[in-house]
């Protein structure tokens, strides 16, 4: 995870090129908010599939605000949320994450995030999003589902 985070920081925060051998590159699939513009950087077809899964989830949650549907489609039953401001327990449960996000979107319907850079390495996918000051989310994917999330 340190190598992935270092690459994301170099790419997104320092404006340096991402150096990944045998990079598979593609545009993300169109999200509910319109055509996608963020590149995906991945070294293998499986990493590309993981990245595309995370982007579908990310767009459904943070652009369309279809939180419960996104969690049902793209996260595992035992999903773990590591964000310190979500839920009463740490790590938080899947339901606590859904409830917290829905509450945020109800308070501020204009709360929309756009992915700027997406980097996949092994079972980890990092999304650098356009938020106030920028934000980095890291997801772990297993068996085609998101199983963990960290927010930076």
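The values are calculated or read from the model by the stated rules, or taken from the named source; none is laboratory data. Keep in mind it's a predicted model, so treat the numbers as computed, not measured. Methodologically, a virtual Cβ is constructed for each residue, glycine included, from the backbone with ideal geometry; neighbour enumeration extends over all protein chains shown.
For region 22-34, indicate whether the set of residues that are modelled with pLDDT of 90 or more, under 17 Å from the mean Cα position of the chain (by Cα) and not in a loop (DSSP other than H, G, I, E, B) is non-empty.
no
Could you please give the count of residues in region 118-134 that are modelled with pLDDT under 90 and buried (at least 17 other Cβ atoms within 10 Å of the Cβ)?
So the answer is 1.
Go through 64, 49 for me and flag whichever is surrounded by fewer than 20 Cβ atoms within 10 Å (Cβ to Cβ) and within 14 Å of the chain's Cα centre (by Cα).
Matching residue, one of 64, 49: 49.
Being under 10 Å from the mean Cα position of the chain (by Cα) and either part of a loop (DSSP other than H, G, I, E, B) or surrounded by 21 or more Cβ atoms within 10 Å (Cβ to Cβ) (or both) is the filter here, so list the residues in region 141-152 that pass it.
Once the filter is applied, which keeps residues that are under 10 Å from the mean Cα position of the chain (by Cα) and either part of a loop (DSSP other than H, G, I, E, B) or surrounded by 21 or more Cβ atoms within 10 Å (Cβ to Cβ) (or both), region 141-152 yields 146, 149.
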